[in-house]
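These notes are about the structure you will find just below.
The values are calculated or read from the model by the stated rules, or taken from the named source; none is laboratory data. Model, not experiment: these values are computed from the prediction. Virtual Cβ from ideal backbone geometry, glycine too; neighbours counted across all protein chains shown. Side chains are part of the model used for accessible areas, which takes the heavy atoms of the whole protein and leaves out ligands, DNA and RNA. Shrake-Rupley method; radii C 1.70, N 1.55, O 1.52, S 1.80 Å.
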Amino acid sequence: MITLQWLYALAGTMFAAFAILSALDRGHSKRFGNAAFWGLMALSLLGGDVIGDFGNGLLVLGLAGLAGFGFIGRSHPPTTSVEERQGWAEKLGNKLFLPALIIPATALIGTLVYNYTAVGDLGWIEAKRETYVFLGLGVLLALATLFVWLRPPAIAPLQEGRRLIDAIGWAAVLPQMLAALGVLFAAAGVGEIIGSATRSVIPEGSIFLTVVVFGVGMALFTIIMGNAFAAFPVMAAAIGVPLLIKAYDGDPAVVGAIGMLAGFCGTLMTPMAANFNLVPAALLELKDQYGVIKRQIPTALPLLVANILLIYFLAFR
């Protein structure tokens, strides 16, 4: 049976390759820092279950130390030349996007076929992990298509991946870290404290005000923590499950799905979501590093209001 561990192994192998290529890059002034950083990421994915909680804690401190003290930096590995890329773009046009489209298409079609046909009865994939598995399969199919169709240098995908991940830097692992922080907050009882405070302020039976607090809370916690996945465990434990779903009999699917969308409105308004808001500004060399956030706020606020109204009207019909 294909489990989530297979995907961890696939991603860990990729980061291990980034670490080795970084260490061998003599033209990179911070090659050993980059090698250590991506090597620790590889160790987390390949051996996280083996090194235990204390070992994983030390690993996270190592990642923070390498990033915090500036031991990692951008790389410029040799892959295809600018002239080669320009030539392919002029020759193939928008067809160049086809390999990238294979990934979501495989994930969508594979998940639907596996879950809604007799194929799922074969039990080849761990339950509730089908989409992740087909997403990983889509990546492998896209790579195979690239090599058959365009025949790039054998190591070009790894070098381009390293160039991109080095450009993003520490921000690439921020979502995982913040998601883990959300679980810690939930385990520490932060959600229960917020839930108690909410119940003491909002009149009993006021569904609309409870929905407003839930939606705004999702956005605010996302602004603080940088990721709606981190905010969701806290707000679900505080308001979503005990009040909206259990007390007021709201539709769990609507509360959960649109509640996440309310959280993503906070993502649009915070520098903590560095990989979405600060990295693009750096890659595009914008003069104002917060320019992306400033442009997104006028869209995020009306979207937040719309999501709150959707929860209220759809979850409590």
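The table for this structure:
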item	result
Long-range HN-HN contacts of ILE2 with modeled amide H, under 5 Å	ILE125, GLU126
Listed residues GLY48, GLY263, GLY123, most fluctuating in the chain (Gaussian network, C-alpha, under 10 Å)	GLY123
Degrees between helix 174-187 axis and first principal axis of the chain (Cα, 0 to 90, nearest 10)	30
Listed residues ALA156, ALA107, ALA127, most fluctuating in the chain (Gaussian network, C-alpha, under 10 Å)	ALA127
For the stretch 130-194: rounded, prolate or oblate by the Cα gyration tensor [a/c cutoff 1.5]	oblate
Cut-off 16 Å (backbone N to label point 7 Å along Cα→Cβ of ALA64), residues of the stretch 166-197	170-171, 173-185
Gyration tensor (alpha-carbon) shape descriptor, the stretch 1-124, a/c threshold 1.5	oblate
Crossing angle, helix 82-92 versus the chain [Cα axis fit, 0-90 degrees, rounded to tens]	70
Helix-only CD estimate at 222 nm, as mean residue ellipticity for the chain, using -39500 (n - 2.57) per DSSP H run (n ≥ 4)	-23500 deg cm²/dmol
Probe 1.4 Å, accessible area per residue of the stretch 210-317, Å²	47
Accessible-area ranking of LYS30, LYS128, LYS91, largest first, probe 1.4 Å	LYS128, LYS91, LYS30
Of all accessible heavy-atom area on the chain, the percent that carbon and sulfur account for (1.4 Å)	70
Mean separation of Cα contacts under 8 Å (6+ apart) over length of the stretch 173-316, as relative contact order %	28
Simple label model, 7 Å out from Cα along Cβ direction - ILE155 to THR80, nm	1.8
Alpha carbon centroid spacing (whole Å) that separates the stretch 1-77 from the stretch 175-250	33
Normalised contact order of the chain, rounded percent, pairs of Cα under 8 Å and 6 or more residues apart	15
Max mean-square fluctuation residue, GNM over the chain, Cα-Cα springs under 10 Å, options PHE134, PHE97, PHE229	PHE97
Dimensionless Rg over Rh [the stretch 80-134; C-alpha; Kirkwood]	1.28
Accessible area, probe 1.4 Å, largest first, for residues SER206, SER29	SER29, SER206
